[in-house]
Amino acid sequence: GAVVSQHPSRVICKSGTSVKIECRSLDFQATTMFWYRQFPKQSLMLMATSNEGSKATYEQGVEKDKFLINHASLTLSTLTVTSAHPEDSSFYICSATGTSGSRRIDEQFFGPGTRLTVL
Amino acid sequence: AQKITQTQPGMFVQEKEAVTLDCTYDTSDQSYGLFWYKQPSSGEMIFLIYQGSYDEQNATEGRYSLNFQKARKSANLVISASQLGDSAMYFCAMRYISSGSARQLTFGSGTQLTVLP
């Protein structure tokens, strides 16, 4: 299967700072990436969908100015949590679909997630 | 709108026994896909099994099988011969085509499975 990595796996930051999370597809071209947020004991909630080279499409209720998404290449998308506050503490997971050579990859492959703690 | 319902917040099963995790869905689409994922405490999402809406046979992957009843809109996961390592959160998800043409997933609330020795 296709491999997606995320960095960092854990991050602790002070309130008011910005945090950048990277999501990379290692062995395929990720034309579409998805960013999810998961609070403890809850399900994954889609935050935004991004296509390479285009602006991200945000789900209702997600502040696009707070959660900046950049998908500038076929292997990398970044999520920047700007001016983070304790309520932004959560588990952030990315996933990707795309192509590998001439083969289309429809299934979403997930990264291992990033646990953000804002003090 | 698409909706996935998992009515069992927690389930217990004895090691080596079979367990069924329930999942019902609601969609007006004719073409959709149903997935089951396992999420251990480490947080990674592990793909288990997939069922397409037009697949006539129930999907099977090793000890996992999907009991797909299209008329009832249910897609229950059956785990046979449970192992201690099966203890995890299990999510049912449905793939659909969004208004933006992206193939998105919507997830159920999850079932926490605990396998007892």
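Bear in mind that the values in this text are calculations on the coordinates, not laboratory data. What you see is a predicted model, and the numbers here were worked out from it, not measured in a lab. For neighbour counting, all protein chains shown are included, and Cβ atoms are generated from backbone atoms with ideal geometry for every residue, glycine included.
Treat the count of other C-beta atoms within 10 Å as a stand-in for reagent exposure and order A:Ile12, A:Ile93, B:Ile49 from fewest to most. Intermediate values should be presented prior to the final figure.
Working: A:Ile12 12, A:Ile93 25, B:Ile49 20.
Placing the least packed residue first, the sequence is A:Ile12, B:Ile49, A:Ile93.
Quick check: the distance between the Cα centres of the range B:1-57 and the range A:47-119, to the nearest angstrom? That distance is 23 Å.
Set the Förster distance to 25 Å, then compute FRET efficiency between B:Gln8 and A:His7 from the Cβ-Cβ distance, nearest 0.05. Write down the numbers at each step before the final one.
On the way: r = 35 Å, r/R0 = 1.38.
Plugging the Cβ-Cβ distance into 1/(1 + (r/R0)^6) gives 0.10.
Projected label points at A:Ala72 and A:Thr117, each 7 Å from Cα along the beta carbon direction, are separated by 3.1 nanometres.
With contacts defined as alpha carbon pairs under 8 Å and 6 or more residues apart, what's the relative contact order of the range A:6-119 in percent?
With pairs under 8 Å counted, the relative contact order is 37 percent.
For chain B, relative contact order (Cα pairs under 8 Å, six or more residues apart, normalised by length) works out to 37 percent. Karplus-derived 3J(HN,Hα) values for the range A:66-77, using 6.51 cos²θ - 1.76 cosθ + 1.60 with θ = phi - 60°, are 8, 10, 8, 10, 10, 10, 7, 9, 7, 10, 9, 10 Hz; glycine and proline are entered as x. Ordering A:Leu26, A:Gly61, A:Leu79 by Cα displacement along the dipole of the range A:1-105 toward the positive end leaves A:Leu26 in first place; charges were set at the Cβ atoms of Lys, Arg (+1) and Asp, Glu (-1).
Show which lysines lie in cross-link reach of A:Lys66 when reach means a straight Cα distance below 18 angstrom and same-chain residues fewer than eight apart are skipped. The qualifying lysines are A:Lys14, A:Lys20, A:Lys55.
As an exercise, use a Förster radius of 35 Å and the Cβ-Cβ distance of B:Ser80 and B:Ser109 to find the FRET efficiency, rounded to the nearest 0.05. For B:Ser80 and B:Ser109, the calculated efficiency is 0.90. Between B:Leu105, B:Leu21, B:Leu34, the Gaussian network model of chain B with springs among Cα atoms under 10 angstrom shows the greatest mean-square fluctuation at B:Leu105. Note on A:His71, A:His85, A:His7: ascending count of other Cβ atoms within 10 Å places them as A:His85, A:His7, A:His71, the fewest first.
Kirkwood hydrodynamic radius of the protein assembly as shown, from the reciprocal of the average inverse Cα-Cα distance over all distinct pairs: 18.5 Å. Distance between the pseudo-spin-label points of A:Ser102 and A:Lys64 (7 Å out from Cα toward the beta carbon): 3.8 nm.
In this Cβ point-charge picture (+1 for Lys and Arg, -1 for Asp and Glu), the range A:1-61 has a dipole of about 320 debye about its Cα centre. Label-to-label distance for B:Gln69 and A:Met45 is 3.2 nm, based on points extended 7 Å past Cα in the beta-carbon direction.
Of the chymotrypsin sites (Phe, Trp or Tyr not before Pro) found in the range B:18-117, the ones in coil according to DSSP and having at most 13 other Cβ atoms within 10 Å of their Cβ are B:Tyr54.
A cysteine counts as unpartnered when no other cysteine's C-beta lies under 4.7 Å of its own; in chain A this applies to A:Cys13.
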